[in-house]
1. In a helix (DSSP H, G or I) and touching a residue at least 24 places away in the same chain (Cβ under 8 Å), is that true of TRP276?
2. Which one of these does GLY42 not meet: (1) on the phi > 0 side of the Ramachandran plot; (2) touching a strand residue (DSSP E or B) at 6+ places or on another chain (Cβ under 9 Å)?
3. Starting from residues that are in a helix (DSSP H, G or I) and of a type in the set (Gly, Ala, Ser), keep the ones in segment 26-51 and report whichever is farthest from THR63 (Cα to Cα).
4. Mind telling me which of the residues LEU279, LEU252, LEU287 ends up being within 29 Å of ASN153 (Cβ to Cβ) and modelled with pLDDT of 90 or more?
5. Mind checking which residues of segment 159-199 are under 28 Å from PHE247 (Cα atoms) and touching a strand residue (DSSP E or B) at 6+ places or on another chain (Cβ under 9 Å)?
6. Being more than 24 Å from TYR253 (Cα to Cα) and of a type in the set (Val, Ile, Thr) is the requirement here; does VAL102 meet it?
7. Do any residues in segment 193-211 that are more than 14 Å from GLY181 (Cα to Cα) have Cβ atoms under 7 Å from those of residues that are among the small types (Gly, Ala, Ser) and buried (at least 22 other Cβ atoms within 10 Å of the Cβ), where the two are at least six apart or on different chains, and which pairs are they?
8. Taking the condition of being without any contact (Cβ under 8 Å) to a residue 12 or more places away in the chain and not in a helix (DSSP H, G or I), how many residues in segment 131-173 meet it?
Amino acid sequence: MKGFISSRLHPLANLALLLVLLIATFCVTSFIIAVCSNVLFGVGLFEIGNVQQRPADYPNGWTISMISQGLLLLGGFGGAAVAFIALTGNKLRDYLTPRRPVPASWLLLAGTLIVLSVPAMSVLIAWNAGLDLPAWAHEREELAKDLLKVLTNFSSPLRFVVAVLVMAVAPAVSEELFFRGVLQRNLVQWAGRHAGIWLAAAIFSAAHFQFLGFVPRFVLGLVLGYLYEWSGNILVPMAAHFAQNAFQLMLLYAQQQEWTASDFDPDSTEALPWYWVLLSVVACAALLWQLRRLLARSTPDELPTELHTLGSRGVTRRQALREAPAARTLSHDGVDVTSDE
């Protein structure tokens, strides 16, 4: 499959192209949101920004904000990733799952890992929240908290379902396609495996513009990045990302429905008791080891006939488990070379 742009570009050129596509898809998606808001709710182009910032002040503010957020995620991040893959002449499945299909149990393990990490992450959240940051950072954090409080006001079960779709499913799909599926892949090709994963995690955290939560989100990005690197299948970090957001929404919904203790505060930035933290660290370490062992294991029963692997510098190789066809290798400079092994 040939694209409009060569698939042999240097990784830095690919990153520049990805940035251009991201700007373009956000512009197109913003225009679509403005048109939909005007047609469906009578909100004009110059008013849409105020509605998104202060949805509680408008009759349809919650609905407009949810539609806007969902479209921006899917059309912006997801659209840029899909456009990049298509323009460079790749197929989505081959590009995003270069190694193997994964059993559903691995997706469940990835999601369980994120849920079990909550007590350990509370230590990082408490530390990051206590940092002495500039006043503008605190102001932005307060605005984000106020907006989130309005959007997570689940006055009905339907609102909770919509929130799960927009705030858990949409970011799990779109952000993983962009940050892990395309951005991390090209950073790994350029800078090497570990440097690429760490750079992608830093960019992932910074893109949220919430600096009082930068460190825990950066650590989350590292976990998602290594899950993708180990598995070679985008569904694994997607499952973990979904679990992270959906679990937080479930806690909020349970608190609002008074299913939890009266003193339970899901928005608290205080660290949990040390024994919960210790149990969390031990459980996560054991689960990470198990996931690493499972994802690294390759047997003929688990793998397709042709196995695609990513090397430490983004090298893509094709090996046959039974017959040995010519192997295709993507060099550091993005040159596709065919050779017999």
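1. yes
2. The single condition GLY42 does not satisfy is (2).
3. Among those residues, the one meeting the criterion is SER30.
4. The unique qualifying residue is LEU252.
5. Scanning segment 159-199 gives a single hit, ARG185.
6. Yes: the conditions hold for VAL102.
7. Partner pairs satisfying both residue conditions: SER205/GLY221.
8. 4
The values are calculated or read from the model by the stated rules, or taken from the named source; none is laboratory data. Computed from a prediction, not measured in an experiment: that's the story for all the values here. Glycine gets a Cβ as well: all are built from the backbone with ideal geometry, and neighbour counts include every protein chain shown.
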